[in-house]
Amino acid sequence: MFSRTVLETPAAIRRSAMDLLARREHSYRELLRKLRQRGATTSAAEVELDRLVEDGLLSDERFCEAYVYSRSQRGYGPARLREELRQRGVAEALVEQTLSEAQWDWQALAQQVFSKRFPEGEALDATERAKQLRFMQYRGFSGFQLD
């Protein structure tokens, strides 16, 4: 069994936060949760995270953009991404702003995801059509229409 180090000093908290940020972008709340799991007090962790935000090393905007890009490349739509980002503590306004940017063509992505999963096209059977729509909803394309 290994012993978990408790983050007691500001330097240790910052170093742990920087180690996590070196791997990938994190939201403020996500990073706070991870630091608390590692033994940092909430107030001490918030002070260090605020310093990282001031230094430009921690950004919910950057995290949100990177997350949407990464997950959309895997075929996930705006409804699913909205929920995932909400769970990670990103502000609703920032999520909506990021998802509505012109660079995301959600309809084209939905068509691509549908075509990849269902190369035979739209099902004629109502049961199969319902299955196709459920798959698209699961992927986050709630307004997807089979035409």
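Within the stretch 100-127, which residues are open to solvent by 60 Å² or more (accessible area, probe 1.4 Å), among the small types (Gly, Ala, Ser) and closer than 17 Å to residue 79 by Cβ?
Residue satisfying the conditions is 100 alone.
Which residue, of 95, 47, 113, is of a type in the set (Val, Ile, Thr) and under 15 Å from residue 25 (Cβ atoms)?
Of 95, 47, 113, the one residue that is of a type in the set (Val, Ile, Thr) and under 15 Å from residue 25 (Cβ atoms) is 95.
Sort out for me the helices (runs of 4 or more DSSP H) sitting completely within the stretch 1-76 that have 1 or more residues that are over 30 Å from residue 143 (Cβ atoms) and open to solvent by less than 30 Å² (accessible area, probe 1.4 Å).
In the stretch 1-76, the matching helices (runs of 4 or more DSSP H) lie at 10-23, 28-37, 42-54.
Pick from 58, 52, 94: which is more than 22 Å from residue 19 (Cβ to Cβ) and at pLDDT 95 or above? Walk me through it before giving the result.
Values: 58 fails: more than 22 Å from residue 19 (Cβ to Cβ); 52 fails: more than 22 Å from residue 19 (Cβ to Cβ).
Criteria check complete, one pass: 94.
Being more than 27 Å from residue 28 (Cβ to Cβ) and open to solvent by 40 Å² or more (accessible area, probe 1.4 Å) is the requirement here; does residue 143 meet it?
When the stated conditions are applied, residue 143 passes them.
Kindly evaluate residue 124 against the criterion of being without any contact (Cβ under 8 Å) to a residue 40 or more places away in the chain and closer than 30 Å to residue 32 by Cβ. Can you show your working first?
Values: without any contact (Cβ under 8 Å) to a residue 40 or more places away in the chain: yes; closer than 30 Å to residue 32 by Cβ: no.
The answer is no for residue 124.
List every residue pair whose Cβ atoms lie under 8 Å apart, where the two residues are 6 or more positions apart in sequence or sit on different chains, the first residue falls within the stretch 36-53 and is without any contact (Cβ under 8 Å) to a residue 60 or more places away in the chain, and the second residue, located anywhere, is among the polar types (S, T, N, Q) and not in a loop (DSSP other than H, G, I, E, B).
Short answer, once both residue conditions are applied: 36/42; 38/16; 40/16.
Condition first: under 18 Å from the mean Cα position of the chain (by Cα), part of a helix (DSSP H, G or I) and among the hydrophobic types (A, V, I, L, M, F, W, C). Now tell me which residues in the stretch 91-147 satisfy that.
Scanning the stretch 91-147 gives 93, 94, 95, 99, 106, 109.
If only one of 110, 79, 66 is under 30 Å from residue 19 (Cα atoms) and of a type in the set (Gly, Ala, Ser), which one is it?
66
The values are calculated or read from the model by the stated rules, or taken from the named source; none is laboratory data. Owing to the predicted nature of the structure, the values given are computational and were not obtained by experimental measurement. Positions of Cβ are backbone-derived with ideal geometry, glycine not excepted, and every protein chain shown enters the neighbour counts. Accessible surface areas use protein heavy atoms only, side chains included; no ligands, DNA or RNA. Shrake-Rupley method; radii C 1.70, N 1.55, O 1.52, S 1.80 Å.
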